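The values are calculated or read from the model by the stated rules, or taken from the named source; none is laboratory data. For clarity, every value in this text was computed on a predicted model and none was experimentally measured. Every residue, glycine among them, receives a Cβ derived from its backbone with ideal geometry; neighbour counts consider all protein chains shown.
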Amino acid sequence: MSITLDADTAWPLWDDEPIDGAFTVEDPGAAVDAMVVTGVVRPWLFGYAPARSNGRAMLVLGGGGYTALMVGREGVAVARWLTALGYHAYVLVHRFPDARHGVTVALDDAIEAMRVIRGGGAFAAGVGVVGLSSGGHLAACLLADYPAEWMSPAAPSPGGDARPDVAVVGYAPISTNAHGRTLVPTKPPLLPAEKQAMYDRLQPDAQLAAAPPPVFIVYAGNDPVVPVANAYRLDAALTAAGGMTELHIFADAPHGFALDTRDQPVSLWPELCAAWLRQIGFG
């Protein structure tokens, strides 16, 4: 296993501890693009450099329902796509909300990752975020107000701004997992309890901070796991807040289509997203 995920750079977010034992993977022999993280003790950030930089960076947040992390398909593969477009890409292996780590850790790790990326001042042209599935929920949370009753941890990188300049959100459970906002009234609470508590408290469409950045949104209309209502909720909230959105709903696509769902219309979304990024001057 390549413990550094074939990255050009790798560093811990909150301490100087070595990477050994920081996280566990489902199959240590898997190719990096297929790797799945099943547990995280200490979060790490992995950087990928483009052959020719456009001066911008993207934080990549993979999915996995906050109980695993598709760090290959929705992390490293996305980073490689972004570096081919000229971005510096950073894949976050964040902690999961659970009894050991509490409710706030995933967002705290994402915020610190943004601060680290911005901290050196190398990306004055902008830093964005790309999030898929639960990573899309986490990306959208970076556009929302941090819960007032939560205690934000002291940041080792306090100089960087955690707010993205642009966001790409794919097939994410924005608020339909939250108590009182599910589409099925009898839907049972998610486990562990800390995961449900995160979804209850962090509903980005209801908690957007003022003046949101441009957001590209992509979903499947028939997604059996994450209802497309999430896309419409996020789009409506951003529009009401004066934000600019690009919304794409593909009629027929599986959940978790990522970048490798071939021979279907949804396979065009990365090209559409790249064209949109160029159109808004972030390409």
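Checking the condition of a type in the set (Lys, Arg), in a loop (DSSP other than H, G, I, E, B) and crowded, with 20+ Cβ neighbours inside 10 Å, which residue from Arg118, Arg95 passes?
Numbers: Arg118 fails: in a loop (DSSP other than H, G, I, E, B).
The conditions single out Arg95.
Every residue in the stretch 1-25 that is of a type outside the set (Gly, Ala, Ser), within 24 Å of Leu107 (Cβ to Cβ) and out of contact with any helix residue (DSSP H, G or I) (no Cβ under 9 Å at 6 or more places or on another chain), please. Correct list: Thr9, Pro12, Asp15, Asp16, Glu17, Ile19, Phe23, Thr24, Val25. Just one of the numbered conditions (1) out of contact with any His (no Cβ under 9 Å at 6 or more places or on another chain); (2) under 22 Å from Tyr146 (Cβ atoms); (3) touching a residue at least 40 places away in the same chain (Cβ under 8 Å); (4) aliphatic (A, V, I, L, M) is not true of Ala229: (2). Just one of (1) assigned to a loop (DSSP other than H, G, I, E, B); (2) surrounded by fewer than 19 Cβ atoms within 10 Å (Cβ to Cβ); (3) out of contact with any helix residue (DSSP H, G or I) (no Cβ under 9 Å at 6 or more places or on another chain) fails for Pro254. It is (3).
So which of Gly55, Gly47 ends up being under 25 Å from Pro153 (Cβ atoms) and either at pLDDT 95 or above or outside any loop (DSSP other than H, G, I, E, B) (or both)?
Working: Gly55 fails: under 25 Å from Pro153 (Cβ atoms).
Just a single option satisfies the conditions, and that option is Gly47.
The set of residues from the stretch 108-122 being modelled with pLDDT under 95 and out of contact with any Leu (no Cβ under 7 Å at 6 or more places or on another chain) comprises Arg115, Arg118, Gly119, Gly120, Gly121, Ala122. The residues on offer are Val78, Val71, and the sole one that is at pLDDT 95 or above, farther than 16 Å from Gly128 by Cα, buried (at least 16 other Cβ atoms within 10 Å of the Cβ) and not polar (S, T, N, Q) is Val71. Is one or more of the residues making up the stretch 219-229 assigned to a helix (DSSP H, G or I), within 29 Å of Glu271 (Cα to Cα) and either more than 17 Å from the chain's Cα centre (by Cα) or among the hydrophobic types (A, V, I, L, M, F, W, C) (or both)? Yes - at least one qualifying residue is present in the stretch 219-229. Residues of the stretch 104-114 include at least one that is over 21 Å from Ala231 (Cβ atoms) and assigned to a loop (DSSP other than H, G, I, E, B). The set of residues in the stretch 171-209 being of a type in the set (A, V, I, L, M), outside any loop (DSSP other than H, G, I, E, B) and buried (at least 17 other Cβ atoms within 10 Å of the Cβ) consists of Ala197, Met198, Leu208.
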